[in-house]
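Colleague: Got a structure for you, written out below as structure tokens; questions coming shortly.
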Ligand SMILES: Nc1ncnc2c1ncn2[C@@H]1O[C@H](COP(=O)(O)OP(=O)(O)O)[C@@H](O)[C@H]1O
Ligand SMILES: N[C@@H](CCC(=O)OP(=O)(O)O)C(=O)O
């Protein structure tokens with residue numbers, strides 16, 4: 001059966017750690033594998049990092065730049081070079097590809113989000129493999145994916161993929177970073193995010209020398225993808241043929257089982273497409289009402305309000321310790337909420353001097369995270 005498959009490859013797999021030069025045999029095998037999957041009728045998207053790493057190698061820089069302007073300039077050098085290598089390899093295999101560079105803002109506005117969806121649909125319909133990366137050269141700090149693990153999960157969610165493969169320089173997820181904890185235990189299957197929380201995995205915050213997010217971003221990417229019904233696998237990038245083996249049922253890498261009932265497309269956009277601009281801290285009654293009873297959020301349950309936002313902006317809903325429970329679109333501005341937090345709905349019109357919505361966030365606009 002035809003599947004939609006998103007494959008993300010990180011800098012640590014695309015380049016040689018010693019020199020930063022391209023790992024050509026890995027890239028060639030990846031191109032071969034993806035072309036083969038296309039030949040079998042699957043729809044394939046490649047999310048490729050490497051613009052900064054390849055740009056550094058091209059310019060003789062020995063470490064990933066920290067200054068934003070330099071990083072953006074280096075990415076511009078590397079992205080072109082990376083695409084040239086991909087195009088040469090895929091052309092040899094008679095497989096057309098396309099470059100798709102996205103920024104966070106392309107997914108924030110609903111119309112642009114749908115536009116991105118339409119572009120992917122057309123490309124996949126044409127039998128093209130889109131090669132996606134963040135548009136590092138123009139992305140601004142506040143509106144960044146920041147790492148391609150997240151980007152690939154958002155793309156997988158956008159196109160409602162069946163599979164997301166996160167290819168990296170370790171063969172799977174471990175109970176702790178195997179670089180620093182040699183007896184860390186391998187994890188083969190994660191059946192829910194609740195189970196993952198119980199495993200208490202240690203990830204550190206660092207990736208490899210050239211990678212960005214390490215395992216943390218892969219786990220949060222898996223969270224986004226499985227909520228969209230996408231089976232997610234973390235596996236070794238050096239052996240791209242493993243993707244075919246996994247699709248045939250071999251249990252390589254770490255598998256994250258998709259949520260049985262995926263969150264609706266609109267709610268996924270609210271939860272992960274939008275960038276929240278504020279936080280509402282809730283009391284325990286409100287937390288129980290939204291998380292267990294599926295109710296809307298009322299002003300009475302809000303203890304405090306953080307940030308400046310407008311109506312219909314996305315905000316995070318947190319417990320009093322700041323742990324996020326849900327996200328949603330607010331019916332009131334931050335100024336209004338400062339005045340009505342903790343109040344009964346019937347008091348709102350007297351406090352504000354005009355009638356507003358009964359709910360602060362209607363349950364149709366509220367997503368548990
Ligand atoms: N619990 C863990 N299990 C496996 N790897 C981990 C874990 N915690 C941290 N890591 C580190 O994450 C690294 C991969 O992340 P990163 O360098 O960002 O890769 P990529 O460039 O593929 O995105 C591994 O090399 C490993 O050292
Ligand atoms: N967009 C950046 C990659 C960011 C990123 O997530 O890198 P990695 O951790 O290697 O997957 C680039 O092309 O260099």
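Colleague: Taking the condition of being within 17 Å of the chain's Cα centre (by Cα) and surrounded by 15 or more Cβ atoms within 10 Å (Cβ to Cβ), how many residues in the range 78-111 meet it?
Modeller: 9
Colleague: Considering only the range 113-136, state which residues are surrounded by 13 or more Cβ atoms within 10 Å (Cβ to Cβ) and outside any helix (DSSP H, G or I).
Modeller: Once the filter is applied, which keeps residues that are surrounded by 13 or more Cβ atoms within 10 Å (Cβ to Cβ) and outside any helix (DSSP H, G or I), the range 113-136 yields 127, 128, 129, 130, 131, 132, 133, 134, 135, 136.
Colleague: Considering only residues that are within 22 Å of residue 15 (Cβ to Cβ) and out of contact with any strand residue (DSSP E or B) (no Cβ under 6 Å at 6 or more places or on another chain), look in the range 156-178 and name the one that is farthest from ligand 2 (Cβ to nearest atom).
Modeller: The selected residue is 178.
Colleague: Further question: Test residue 338 against the criterion of being out of contact with any helix residue (DSSP H, G or I) (no Cβ under 8 Å at 6 or more places or on another chain), in contact (Cβ under 8 Å) with a residue 12 or more places away in the chain and on the phi > 0 side of the Ramachandran plot, and give yes or no.
Modeller: It is false that residue 338 is out of contact with any helix residue (DSSP H, G or I) (no Cβ under 8 Å at 6 or more places or on another chain), in contact (Cβ under 8 Å) with a residue 12 or more places away in the chain and on the phi > 0 side of the Ramachandran plot.
Colleague: Take residue 166 and tell me if it is within 16 Å of ligand 1 (Cβ to nearest atom), touching a residue at least 40 places away in the same chain (Cβ under 8 Å) and under 21 Å from residue 239 (Cβ atoms). Step through it out loud before you land on a result.
Modeller: Details: within 16 Å of ligand 1 (Cβ to nearest atom): yes; touching a residue at least 40 places away in the same chain (Cβ under 8 Å): yes; under 21 Å from residue 239 (Cβ atoms): yes.
Yes; evaluated as a whole, the condition is true for this residue.
Colleague: Restricting to the range 83-98, give me the number of residues that are touching a helix residue (DSSP H, G or I) at 6+ places or on another chain (Cβ under 6 Å), without any contact (Cβ under 8 Å) to a residue 40 or more places away in the chain and either in a helix (DSSP H, G or I) or within 12 Å of ligand 2 (Cβ to nearest atom) (or both).
Modeller: Of the residues in the range 83-98, 0 are touching a helix residue (DSSP H, G or I) at 6+ places or on another chain (Cβ under 6 Å), without any contact (Cβ under 8 Å) to a residue 40 or more places away in the chain and either in a helix (DSSP H, G or I) or within 12 Å of ligand 2 (Cβ to nearest atom) (or both).
Colleague: From 211, 204, which residue is closer than 22 Å to residue 100 by Cβ, modelled with pLDDT under 95 and within 7 Å of ligand 1 (Cβ to nearest atom)?
Modeller: Values: 204 fails: closer than 22 Å to residue 100 by Cβ.
Criteria check complete, one pass: 211.
Colleague: If you scan the range 1-15, which residues turn out to be modelled with pLDDT under 95 and surrounded by fewer than 16 Cβ atoms within 10 Å (Cβ to Cβ)?
Modeller: Once the filter is applied, which keeps residues that are modelled with pLDDT under 95 and surrounded by fewer than 16 Cβ atoms within 10 Å (Cβ to Cβ), the range 1-15 yields 1, 2.
Colleague: Let me ask another. Hey, can you tell me all the residues within the range 327-352 that are closer than 18 Å to residue 283 by Cβ and over 37 Å from the mean Cα position of the chain (by Cα)?
Modeller: 344, 347, 348 - these are the residues of the range 327-352 that are closer than 18 Å to residue 283 by Cβ and over 37 Å from the mean Cα position of the chain (by Cα).
Colleague: State whether one or more residues within the range 283-301 are touching a strand residue (DSSP E or B) at 6+ places or on another chain (Cβ under 9 Å) and more than 29 Å from residue 262 (Cβ to Cβ).
Modeller: Yes: one or more hits.
The values are calculated or read from the model by the stated rules, or taken from the named source; none is laboratory data. For clarity, every value in this text was computed on a predicted model and none was experimentally measured. No Cβ is skipped: glycine too gets one built from the backbone with ideal geometry, and neighbour counts run over all protein chains shown.
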